[in-house]
Structures are given as structure tokens and as C-alpha cells.
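S.K.: Handing you this structure, nothing more for now.
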Amino acid sequence: MALLESILVPLGTKMTDFELKNPDGQIIKGSEQFGDRGLLIAFTCNHCPYAIAVWSRLVRLAQYAKGMRINSIAINPNIHPDFPEDSPENMKLIIKEHGIDFPYLVDETQEVAKSFRAQCTPDIYLFNKDKELVYHGRIDDNWKDESKVTREELKEALNNHAAGLAVEGKQMPSMGCSIKWNAS
């Protein structure tokens, strides 16, 4: 598995709108998922060790963000025949296992991941209510061992954003497995 970091996407970049299906086939529109203060989007999957290591943190942070009127969605761009563990059927198992109460969507064509310039799983984006990017970085400073986390960057970004403050400081890239791009 190739380790990659998320690429720099300029803050202020407008979110590309999209429509994707959940694993049950229901169409979800990105623009309709915003909370009063914004939307947290995570490109992730089921098989990547980096994504697996942070799923529970992501679910907790999504719940935390919800209390701040920021909604969340996860998008799986790894719908690829060589990675059956990332199939929509297996996404349902992850939803149940982690108690995910926000949309976990299927990016079968990978067009949404491409439009966001997502590179790895997980790749995290926080948009304000005007659909402008305010944070694009990692969840925290230790993906491997949650007990050794000393800085929760995404939580800090959520706190600042919800308080109406700028998301300050250097935003460290997320890192994870490369998205499994389909040959086109």
C-alpha cells in the first residue's frame, strides 16, 4: 500500500457539489448535508490501516461537530474490483460496527474524489456554511496510537470554526493509503 499525504488545497476553495449513493442506493446530495455552520467530509475506506485506525475517532468527532451544528459525511472512493473489502456491502458492516450515524457514501466513478483532489484515505475537509474550505488536514498527530495523541488538530479546527474564529496555524496534511484509482 502506497503511503501518501493529502495535497495542498487552498483554503477558501469552494466545495464542488455532488450526488452520491449510500450503500443502500439512496441518492444523497452534498449541498443538502450542510449543518448551520458547515460540513465535515472525510474520504476514507474500509481496508486501509490508516483509515481503520481513525474510524472511531472520526465517528466521535462527527458527533462532536454535530453538537456545533456542523454535519459530517464520509465518502468511499475505493470501489475497485481489486479491493472487495471496500464494497458497498462491506460499507454496511463498517456503518454497523462503528455506529456511524452520518452518510457513508459510494464514489463509484471516483469523480467526486477527483474534484476534491483527494489523494489518500483518510483525507479530511472542513467547509463553512458558505461552502468554503477552512480546514484540510489530519485528524490528530498520531494516527497509529490514539493514547499518544498530543494535538487534536481537527477538533481544534472545529472549535475555532464554531466559535467564529479563523482556523489558525499550519494545517498538517493527512496521510494514508493512496486512493485505489480505476484505470480509465
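The values are calculated or read from the model by the stated rules, or taken from the named source; none is laboratory data. Computed from a predicted structure; not experimentally measured. Using ideal geometry, Cβ is built from the backbone for each residue, glycine included, and neighbour counts are taken over all protein chains shown.
S.K.: Inspect all residues belonging to segment 150-172 and state whether any of them is acidic (Asp, Glu) and within 21 Å of Lys14 (Cβ to Cβ). First the steps, then the outcome.
M.R.: Step one: list which residues in segment 150-172 are acidic (Asp, Glu), which gives 152-153, 156, 168.
Now narrow it down to the ones that are within 21 Å of Lys14 (Cβ to Cβ): none.
Scanning segment 150-172, I find no residue that is acidic (Asp, Glu) and within 21 Å of Lys14 (Cβ to Cβ), so the answer is no.
S.K.: Please name all residue pairs, on different chains or six or more residues apart, with Cβ atoms under 9 Å, provided the first residue is in segment 159-174 and is outside any loop (DSSP other than H, G, I, E, B) and the second residue is polar (S, T, N, Q).
M.R.: Once the first residue is outside any loop (DSSP other than H, G, I, E, B) and sits in segment 159-174, its partners that are polar (S, T, N, Q) give His161/Asn128.
S.K.: Suppose we filter Asp82, Asp36, Asp24 for residues that are touching a residue at least 24 places away in the same chain (Cβ under 8 Å), touching a Lys or Arg at 6+ places or on another chain (Cβ under 6 Å) and assigned to a loop (DSSP other than H, G, I, E, B); which single one remains? Walk me through it before giving the result.
M.R.: Numbers: Asp82 fails: touching a Lys or Arg at 6+ places or on another chain (Cβ under 6 Å); Asp24 fails: touching a Lys or Arg at 6+ places or on another chain (Cβ under 6 Å).
Result of the check over Asp82, Asp36, Asp24: Asp36.
S.K.: When you go through (1) without any contact (Cβ under 8 Å) to a residue 60 or more places away in the chain; (2) surrounded by 13 or more Cβ atoms within 10 Å (Cβ to Cβ); (3) polar (S, T, N, Q) one by one for Ser147, which number turns out not to apply?
M.R.: (2)
S.K.: Additional query: Does any residue of segment 155-172 turn out to be out of contact with any helix residue (DSSP H, G or I) (no Cβ under 8 Å at 6 or more places or on another chain) and among the basic types (Lys, Arg)?
M.R.: yes
S.K.: Check whether at least one residue in segment 28-39 is among the hydrophobic types (A, V, I, L, M, F, W, C), surrounded by 12 or more Cβ atoms within 10 Å (Cβ to Cβ) and closer than 19 Å to Tyr135 by Cα, and report yes or no.
M.R.: Pass one, segment 28-39, residues among the hydrophobic types (A, V, I, L, M, F, W, C): 28, 34, 39.
Checking the rest, the ones that are also surrounded by 12 or more Cβ atoms within 10 Å (Cβ to Cβ) come to 28, 34, 39.
Those left that are additionally closer than 19 Å to Tyr135 by Cα: 34, 39.
Yes, segment 28-39 contains at least one residue that is among the hydrophobic types (A, V, I, L, M, F, W, C), surrounded by 12 or more Cβ atoms within 10 Å (Cβ to Cβ) and closer than 19 Å to Tyr135 by Cα.
S.K.: Take the residues of segment 155-174 that are in contact with a Lys or Arg (Cβ under 7 Å, 6 or more places away or on another chain) and closer than 30 Å to His80 by Cβ: which is surrounded by the fewest Cβ atoms within 10 Å (Cβ to Cβ)?
M.R.: Met172
S.K.: Here's a follow-up. Are any residues in segment 30-49 closer than 16 Å to Ile124 by Cβ, of a type outside the set (Gly, Ala, Ser) and at pLDDT 95 or above, and if so, which ones?
M.R.: Gln33, Leu39, Leu40, Ile41, Phe43, Thr44, Cys45
S.K.: I've got another one for you. Of the conditions (1) modelled with pLDDT of 95 or more; (2) over 27 Å from Asp36 (Cα atoms), Pro84 clears all except one; give me its number.
M.R.: Tallying (1) modelled with pLDDT of 95 or more; (2) over 27 Å from Asp36 (Cα atoms), Pro84 fails exactly one: (1).
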